[in-house]
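Colleague: Please see the structure below; I have some questions.
Read-outs: derived from the displayed coordinates by stated rules, not from any lab. Owing to the predicted nature of the structure, the values given are computational and were not obtained by experimental measurement. Glycine also receives a Cβ, built like all others from the backbone with ideal geometry; neighbour counts cover every protein chain displayed.
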Amino acid sequence: MVKIDRQELETLKQQVYEANMLLVKYNLVIHTWGNVSQISRDRTYYVIKPSGVSYQTLKADDMVVVDLQNNVIQGHYNPSTDTPTHSIIYKYFDKVQAIVHTHSTYATSFAQAGVDIKCYGTTHADNFFGNVPCLPSLTKQEISGEYEKNTGKKIVTIFENQKIDYAATPACLIKEHGPFCWSLKNAKDAADLALTLEQVAKMAFLTQNINPLSNEAQKDLQLKHYYRKHGKNAYYGQKDK
């Protein structure tokens, strides 16, 4: 039996609602596409956008509460159809606090083309360590079986097998589908990462069109920019007094 702190739950529902509405503000979604979730402190349940509900009518109280076995604990709507994908990510990437999935134009275009988003410059390196990977297509069996669950398994398996640090590269592309991003902080940060990913994808697309022979940014420069913002001795931004 999942124990729920009422105050924490109400806070989570508001945060997840606001992050979902950020996707609209950021022009990352149209219609009812996309979803954001955030997990509880004890990692026994999470809150996610309902399936197929218009952003124009969405309210914080519409958010659905589910456990990691995809059981609805609370909510008057069905949860997002991507719920099993979120559950797998939360189970295996145990530092992830929030997840976003969109069908944003440029990132999804890379996914449909089956191409990684290469690190061409410092904007990318500031936010993602190395290329943002495009995962292999799901097999016929994976699609006809537990499709959404298998999508999550594909993410976890590829990151583990290729030794990609999910904390340093908090995003991937599902081939023929679209991007997933995740945050070690909260739902707002995950939505911000989805916006950053879309901008980076747009820059990569334009770079490749301006010069199809463009090379990835120098590795030393990539490392410098990533670690000055995220490393042990990071010095980007303001330090707490």
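Colleague: Determine the calculated [θ] at 222 nm for the chain from helices alone, applying -39500 (n - 2.57) to every DSSP H run no shorter than 4 residues and normalising by the residue count; nearest 500 deg cm²/dmol. Could you put the intermediate results ahead of the total?
Modeller: Numbers: 8 runs with 99 residues, N = 241.
The helix-only estimate for the chain comes to -13000 deg cm²/dmol at 222 nm.
Colleague: Of the peptides 70-82, 178-190, how do they stack up when ordered by the mean number of other Cβ atoms within 10 Å, highest first? Intermediate values should be presented prior to the final figure.
Modeller: On the way: 70-82: 15.9, 178-190: 22.2.
So the peptides 70-82, 178-190, ranked by packing, come out 178-190, 70-82.
Colleague: Here is a further query. On a 19 Å Cα-Cα criterion, which of the cross-link pairs Lys149/Lys202; Lys3/Lys49; Lys25/Lys49; Lys91/Lys175 come out too long?
Modeller: On the way: Lys149/Lys202 29 Å; Lys3/Lys49 21 Å; Lys25/Lys49 16 Å; Lys91/Lys175 22 Å.
Exceeds cut-off: Lys149/Lys202; Lys3/Lys49; Lys91/Lys175.
Colleague: Still on this structure, please answer the following. Please compute the Kirkwood hydrodynamic radius over region 73-176, one decimal place, Å, based on all pairs of different Cα atoms. Before the final figure, lay out the partial values.
Modeller: On the way: mean 1/r = 0.0681 Å⁻¹.
Result for region 73-176 stands at 14.7 Å.
Colleague: Same structure, new question: What is the Rg over Rh value, at two decimals, for region 1-120, using alpha-carbon atoms and the Kirkwood definition of Rh?
Modeller: Across region 1-120, the Cα-based Rg/Rh ratio is 0.99.
Colleague: Still on this model: Students often forget the sequence filter, so: which lysines lie under 24 Å Cα-Cα from Lys239 once same-chain residues fewer than 8 apart are removed?
Modeller: Lys95, Lys185, Lys188, Lys224, Lys229
Colleague: Another question, if that's okay. Where the centroid of each part is defined by its Cα atoms, how far is region 28-92 from region 168-195 in Å?
Modeller: With region 28-92 and region 168-195 each reduced to a Cα centre, they are spaced 15 Å.
Colleague: Can you work out ³J(HN,Hα) from phi for every residue in region 167-175, in order, using Karplus 6.51 cos²θ - 1.76 cosθ + 1.60 and θ = phi - 60°, giving whole Hz and x for Gly and Pro?
Modeller: Karplus-based 3J(HN,Hα) across region 167-175 equals 6, 8, 10, x, 6, 7, 10, 8, 3 Hz.
Colleague: In whole Hz, what ³J(HN,Hα) sequence does region 77-91 give by Karplus (6.51, -1.76, 1.60; θ = phi - 60°), x for Gly and Pro?
Modeller: 10, 6, x, 3, 5, 7, 3, x, 5, 4, 4, 5, 4, 5, 5
Colleague: Follow-up question, since we're still on this one. Among all the aspartates and glutamates, which ones have a C-alpha under 17 Å from Lys153's C-alpha, if same-chain residues fewer than 8 places away are not counted?
Modeller: The qualifying aspartates and glutamates are Asp82, Asp94, Glu142, Asp165, Glu176.
Colleague: Continuing with this model, one more query. Sort the following peptides by mean Cβ neighbour count (other Cβ atoms within 10 Å, averaged over residues), highest first: 42-55, 134-147.
Modeller: Output ranking for 42-55, 134-147: 42-55, 134-147.
Colleague: Specify whether the C-alpha gyration tensor of region 96-151 places it in the rounded, prolate or oblate class, a ≥ b ≥ c being the square roots of the eigenvalues: rounded for a/c under 1.5, otherwise prolate if a/b is larger than b/c and oblate if not. The partial results should precede the final answer.
Modeller: Working: a/c = 2.36, a/b = 1.76, b/c = 1.34.
It is prolate, given that a/c is not under 1.5 and a/b is the larger ratio.
Colleague: A further question on this structure: Ordered by residue, what ³J(HN,Hα) values in Hz, to whole numbers, does region 104-113 give under the Karplus form 6.51 cos²θ - 1.76 cosθ + 1.60, where θ = phi - 60° and Gly and Pro are x?
Modeller: 4, 4, 6, 4, 5, 4, 5, 5, 5, 7
Colleague: Quick one: compute the contact order of the chain, relative version, from alpha carbon pairs under 8 angstrom and 6+ residues apart, as a percent. Mind dumping the intermediate values first?
Modeller: Numbers: 445 pairs, mean separation 51.2, N = 241.
Relative contact order comes out at 21 percent.
Colleague: In whole Å, what are the extents of the chain along the principal axes defined by its C-alpha atoms, from largest to smallest?
Modeller: 54, 53, 36
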